Amino acid sequence: MRTHYCGQVTAEHIDQEVTVCGWVHRRRDHGGVIFIDLRDREGLLQVVYDPDSPDIFAIAESVRNEFVLQVTGKVRHRPEGTVNPNLTTGEIEVLGTDLKILNKSQTPPYVIDDDSVSEENRLKYRYYDLRRPEMLERLKLRSEVTRVLRNYLEDKGFMDIETPMLTKATPEGARDYLVPSRTHDGSFFALPQSPQLFKQLLMVAGLDRYYQIVRCFRDEDLRADRQPEFTQLDIETSFIDEAEIMDLMERMMRKLFKDTIGVELADPFPQISYADAMHKYGSDKPDLRIPLELIDIADVLQEVEFKVFSGPAKDPNGRVAALLLPGGNALTRKEIDGYTEFVGIYGAKGLAYVKVNEVAKGREGLQSPILKFLPDEAIETIISRTGAKDGDLIFFGADKSKVVNEALGALRVKLGQDKGLIKGEWAPCWVIDFPMFEWDEGDKRWVSLHHPFTSPNEEHIGMLKDDPGACLSRAYDMVLNGTEVGGGSMRIYRSEVQKTVFEQLGIDEQEANEKFGFLLDALSYGCPPHGGIAFGLDRLVMLMAGAHSIRDVMAFPKTQTASCMLTQAPSEVSERQLRELHIKLRKPPKMVDS
């Protein structure tokens with residue numbers, strides 16, 4: 001039906017006859033000459049119809065936005081002064097010699113290039129919204145990303161192997177999506193949160209190098225970078241250590257960015273320990289483009305009378321840290337109040353600050369409500385340690401370490417964005433040496449910082465029972481511009497070590513056998529050393545496309561309430577289907593007239 005895509009017709013085709021198909025992006029009647037901007041997935045093409053062919057001209061007059069057309073005509077230069085440098089087809093136009101309306105369209109629900117349209121409407125009419133050039137480009141980029149990743153991995157000897165979608169419910173952190181079984185009354189499958197256990201079993205099976213671009217499901221609260229169903233690039237390999245895996249993945253990312261968006265990433269990626277990341281940036285996914293760091297000052301403030309500072313400074317689980325904002329003296333009180341409200345989201349009870357007017361004047365050159373609570377020696381040390389200069393501002397956080405890290409870590413990112421401090425476009429890094437466990441204050445027990453199949457450092461295996469909090473794991477996260485794009489680890493491959501880890505997590509032998517018996521059995525049949533990584537494909541493409549949400553790079557995403565505006569899912573099903581699944585819904589009693 002066509003010889004070319006609209007966006008592929010260029011000056012090379014001058015004087016050639018072409019046939020193109022697409023949607024009417026815009027129709028313009030200029031005093032007897034009709035211009036039609038025809039759009040397909042490759043771009044826009046201007047088609048011109050004049051009255052010399054009355055029958056065809058009459059058809060051109062009747063077309064409206066989003067009609068589907070087949071156009072035949074001769075390619076020619078645009079008249080002088082009408083060239084559009086913003087289009088790949090901007091030098092030429094097609095003088096139409098034939099025109100067929102393949103299908104008409106109702107009046108569209110909104111103008112396709114109207115940026116003010118609500119996301120609700122865009123999701124409701126997603127098939128229409130995907131015609132937007134920016135959405136087409138994002139999905140094309142996504143397709144190109146998966147192509148490059150597949151080619152790289154297959155060149156390195158990885159095999160694409162599918163794992164089950166209907167599997168066993170296992171405790172992996174988030175709630176499972178459950179699927180009732182018709183043939184097993186009262187039993188349920190679970191949709192996989194990840195293929196973690198199956199890819200480990202593939203290593204036991206000797207398949208050595210596995211990958212899969214796979215859908216995963218988690219029933220959790222949503223936000224910009226979460227969806228109930230999402231896509232992972234899942235990777236596992238045997239007889240390898242973390243240094244080799246990280247090197248393989250670094251080279252894959254460098255190739256991906258160069259081949260798809262023409263970006264040269266750092267070689268090698270810097271590596272940061274978890275402890276250093278939390279200490280300097282308050283986050284285990286630091287944005288290294290922002291030149292601000294948290295600075296510990298607890299030792300300076302342990303003996304001050306100001307208990308807001310001295311209390312956390314003396315607390316073994318507390319932290320007092322400073323965050324210097326160069327040039328921050330210019331912040332208004334309204335701006336400071338706004339940042340105070342912002343850190344409150346993360347549990348901070350307030351946001352103390354000191355404005356630095358003139359360092360040379362000591363206390364007299366500073367401005368802050370808290371100065372009266374601090375001795376001169378403490379003030380001098382803080383100014384020296386932060387490197388504050390005239391015109392700067394110092395923010396303070398004092399509370400439990402978790403609160404200070406989250407609050408000042410988030411403030412660091414916000415200040416970087418608000419004040420234009422971000423340097424460079426791309427800053428990848430590895431975060432390594434994660435703790436094996438973290439303490440859950442609510443449940444009063446140890447939980448895995450990553451997942452329960454992550455291997456401890458070999459030299460820490462003997463500490464698992466007596467000092468689990470001191471154990472480090474063989475985990476590694478790839479971070480890009482403050483977003484975790486991939487996380488992985490070397491796995492536990494000895495059944496006795498896996499049982500010990502389960503014990504520390506409060507999973508007794510009976511529960512371990514019920515939930516993970518098949519894995520423990522497999523580990524006892526000659527399991528090789530192995531490890532892997534999983535990349536959030538949606539999140540990665542979101543960053544590469546410059547989008548603000550993973551919904552912007554998914555064809556048919558859900559809303560933040562995990563519903564589909566297009567299909568109106570989830571929806572009720574018939575009583576017959578429920579009976580077949582042995583499910584009985586509890587309904588309120590019917591009201592009966594007295």
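Rule-based calculations on the coordinates, nothing more; no lab input. Predicted, not measured: the structure shown is a model, and the values here were computed from it. Please note: Cβ atoms are built from the backbone with ideal geometry, for glycine as well, and neighbour counts cover all protein chains shown.
Here are a few things to note about the model shown:
- Three semi-axes of the equivalent ellipsoid, the range 407-469, Cα gyration tensor, whole Å, largest first: 34, 17, 9
- In this rough spin-label picture, where each label sits 7 Å from Cα along the Cβ direction, the residue 334-residue 438 distance is 3.7 nm.
- Zone residues, the range 175-192, relative to residue 574, backbone N less than 20 Å from point 7 Å out along Cα-to-Cβ: 180-183
- Geometric extent, Cα atoms of the range 6-103 - Rg, Dmax (angstrom): 12.1, 34
- Reduced Cα scattering model of the chain, Debye log10 I(q)/I(0), q = 0.09, 0.10 Å⁻¹: -0.93, -1.06
- Computed FRET value (nearest 0.05) for residue 115 with residue 154, which takes r as the C-beta separation and R₀ as 30 Å: 0.15
- Surrounding net charge for residue 428, when Lys and Arg each add one and Asp and Glu each subtract one, Cβ distance under 15 Å: -1
- Rg to Rh, two decimals, where the range 290-423 supplies the alpha carbon set and Rh follows Kirkwood: 0.93
- Each Lys and Arg adds +1 at its Cβ and each Asp and Glu adds -1 at its Cβ; summed about the Cα centre, the range 471-559 shows a dipole of about 360 debye.
- Potential lengthening between residue 175 and residue 445 on full extension [0.36 nm per residue; Cα-Cα distance subtracted]: 95.3 nm
- HN-Hα J in Hz across the range 475-481 - Karplus 6.51, -1.76, 1.60, θ = phi - 60°, x for Gly and Pro: 9, 8, 10, 9, 10, 9, 6
- Cβ-Cβ distance of residue 518 and residue 296, R₀ of 41 Å, FRET efficiency by 1/(1 + (r/R0)^6): the value works out to about 0.30.
- Beta bridges by DSSP in the chain, antiparallel share as percent, to the nearest 5: 95
- Normalised by the number of residues in the chain, the mean separation of alpha-carbon contacts (under 8 Å, six or more apart) gives a relative contact order of 13 percent.
- Estimated dipole of the chain in Debye, rounded to 20 [Cβ of Lys and Arg +1, of Asp and Glu -1, Cα centre]: 1380
- Here residue 187 and residue 463 are evaluated by their C-beta separation; at R0 = 41 Å the FRET efficiency comes out at 0.55.
- Residues with amide H under 5 Å from that of residue 473, placed H, sequence gap 5 or more: 434, 436, 457
- In the range 6-103, Cα pairs under 8 Å separated by at least six residues give a relative contact order of 34 percent.
- Between amide H atoms placed 1.01 Å from N, distances below 5 Å from residue 391 occur with 356, 357, all of them 5 or more places distant or on a separate chain.
- In the distance distribution for the range 213-314, Cα-Cα pairs more than 15 Å apart total 79 percent.
- With θ taken as phi - 60° and the Karplus curve 6.51 cos²θ - 1.76 cosθ + 1.60 applied, the whole-hertz 3J(HN,Hα) list for the range 102-117 is 7, 6, 8, 10, 5, 4, x, x, 6, 6, 4, 9, 7, 6, 8, 5 Hz, x standing for glycine and proline.
- Taking amide hydrogens as placed 1.01 Å from N in the peptide plane, the amide H of residue 493 sits under 5 Å from that of no residue at least 5 positions away in sequence or on another chain.
- Across the range 372-383, coupling constants 3J(HN,Hα) worked out from phi with the 6.51/-1.76/1.60 Karplus curve, θ = phi - 60°, read 5, 8, 10, x, 4, 4, 5, 4, 4, 5, 5, 4 Hz, and Gly and Pro carry x.
- Label positions at residue 582 and residue 65, each projected 7 Å from the Cα along the C-beta direction, are separated by 5.5 nm.
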